[in-house]
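Just below is one structure, and these are the notes that go with it.
The values are calculated or read from the model by the stated rules, or taken from the named source; none is laboratory data. Note that this is a predicted model, so its numbers are computed, not measured. Side chains included, ligands, DNA and RNA excluded: accessible areas come from the protein's heavy atoms. Shrake-Rupley method; radii C 1.70, N 1.55, O 1.52, S 1.80 Å.
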Amino acid sequence: MLKQVQHNKERKMTDIVYDIPETTDVAERHILAVLVDNEFGVLARVIGLFSGRGYNIESLTVAEVDHAKKLSRITVVTSGTEMVIEQIKKQLERMVPVHKVHDLTTEGPHVERELALVKVIGSGEPRVEALRIADIFRARAVDSTTESFVFELTGTSEKIDAFIGLMKPLGLIEICRTGVASVARGGEGI
């Protein structure tokens, strides 16, 4: 909305002032849990929905959750405005192999975890420092040689990012991450 405002009575100068709405659409991170038929091509169709519309997938995990009913759960982490996330959910719900779509971020408290395997090489003081930091982060050494460690770490994505950041100067050479697994808290499931 435009307003004309007189700023200076002596000069009788007018400026255009824009009314900016108080709410602005900001892209936020959302975790979507999608229950689908466990059949050929379903994952490709879900990914195609995202890529075809230019939506980014930050994390993706898929696993069968009910063998008897042949159901799998896809957990997708994506970012977007409230309008974009609603559009994604509606488009997912219209897909034939999709049974349920839940936005765990907006539906209430949830637990999210990620697993990472982090390989660090080094000797001497950097090696000792890597072990100290791993202990602080409760990372477990699952493999050790005279020149390397492989640490296993679970936690939030932010915790894993922080651990990786501290390992970089100490000889980090490889990272393998599972992506986010998340479930709503409380007595109900999807």
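General remarks:
- Listed values for region 158-167 are Karplus-derived 3J(HN,Hα) couplings in whole Hz (6.51 cos²θ - 1.76 cosθ + 1.60, θ = phi - 60°), namely 5, 5, 5, 4, 5, 4, 4, x, 6, 7, and x replaces Gly and Pro.
- Full extension of the chain between A162 and E188 gives 6.1 nm of extra length, using 0.36 nm per residue less the Cα-Cα distance.
- Extension gain (nm, one decimal) between D143 and E174, 0.36 nm per residue minus Cα-Cα: 9.8 nm
- Listed residues V111, V118 arranged by accessible area, highest first, probe 1.4 Å: V111, V118
- One entry in (i) 12.3; (ii) 18.8; (iii) 9.9 is mean projected area of the Cα convex hull in nm² calculated from the shown coordinates; its label is (ii).
- Accessible area in the full protein assembly, largest first, 1.4 Å probe, for L170, L43: L43, L170
- Accessible surface computed residue by residue for region 136-188, with neighbouring protein chains in place and a 1.4 Å probe, gives 62 Å² per residue.
- Pairs of lysine residues in the chain - Cα separation under 29 Å, sequence separation of 8 or more or cross-chain: 13
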